[in-house]
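Reviewing the structure listed below.
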Amino acid sequence: EQEKAAEKPRTLLVQPDLNGEFHLLPETVQLHGESLKIGVEKGERVISGWASPDDWVSWELQVAHADLFQIQVSYLAAGEGIRARVFIQVGEEEKSVDLLSTDRDGKIRTDRLFLAIKKRGKRTVRLRLEPTDRTQSAENPIHIQQVRFVPYGLGNKKQ
């Protein structure tokens, strides 16, 4: 069954909500890596199993307007200090932010970065992690809960 999934990845087109926000969830992700999986952590569906810098995930968005987006990455990360750097790419634009340990309070943490989507239409979002140390493994997992794209308003039409 896994081979069939690898041959024919699902491509679900993520539409914006009424506020123009995109909610990129584990339910609509495409996994690109043998160890990546969708699971449950602290009652939330998450993307986990980041074992290699070559692992990445993607979503397909239907973008109505070019705009600058605030990207909110929500996650859980075991270990201490900076756990990894997350890279988000749309077209030629790529931005990154450090993911910090969530061990102290055990709550989902959200970090933010900004990225411009310069063309409307169907756009692919790629997300990959680069661990800060090579001990990133099953003992110190990182779980991505969701990624939100919130339009910053620079592409809004005047009414």
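The values are calculated or read from the model by the stated rules, or taken from the named source; none is laboratory data. All values reported here derive from a predicted model rather than from experimental measurement. So basically every Cβ, Gly included, is an ideal-geometry build from the backbone, and we count neighbours across all protein chains shown. Heavy atoms of the whole protein, side chains included, go into the accessibility calculation; ligands, DNA and RNA do not. Shrake-Rupley method; radii C 1.70, N 1.55, O 1.52, S 1.80 Å.
Among the residues of segment 104-127, how many are charged (D, E, K, R) and surrounded by 14 or more Cβ atoms within 10 Å (Cβ to Cβ)?
5
For segment 32-48, how many residues meet the condition of being touching a residue at least 60 places away in the same chain (Cβ under 8 Å) and assigned to a loop (DSSP other than H, G, I, E, B)?
1
Give me a count of the residues in segment 60-77 that are within 12 Å of Ile144 (Cα to Cα) and of a type in the set (A, V, I, L, M).
3
Give segment 132-144 a look and list any residue that's modelled with pLDDT of 80 or more and either open to solvent by 50 Å² or more (accessible area, probe 1.4 Å) or more than 17 Å from His32 (Cα to Cα) (or both), or say none.
If the condition is that a residue be modelled with pLDDT of 80 or more and either open to solvent by 50 Å² or more (accessible area, probe 1.4 Å) or more than 17 Å from His32 (Cα to Cα) (or both), then Pro141 is the only one that fits.
Within segment 55-83, which residues are small (Gly, Ala, Ser) and more than 13 Å from the chain's Cα centre (by Cα)?
Selection gives Ala64, Ala66, Ala77, Ala78, Gly79, Gly81.
Answer with yes or no whether Ile88 is open to solvent by 10 Å² or more (accessible area, probe 1.4 Å), out of contact with any helix residue (DSSP H, G or I) (no Cβ under 9 Å at 6 or more places or on another chain) and aliphatic (A, V, I, L, M).
No: the conditions fail for Ile88.
Can you report the number of residues in segment 56-77 which are of a type outside the set (S, T, N, Q), open to solvent by less than 10 Å² (accessible area, probe 1.4 Å) and under 26 Å from Lys119 (Cα atoms)?
Of the residues in that region, 7 qualify.
Name the strands (runs of 3 or more DSSP E) wholly inside segment 68-117 in which the number of residues that are farther than 26 Å from Gly20 by Cβ is 3 or more.
82-90
Here's a check for you: in segment 17-41, which residue that is open to solvent by 20 Å² or more (accessible area, probe 1.4 Å) and in contact with a Gly (Cβ under 7 Å, 6 or more places away or on another chain) is modelled with the lowest pLDDT?
My answer is Ser35.
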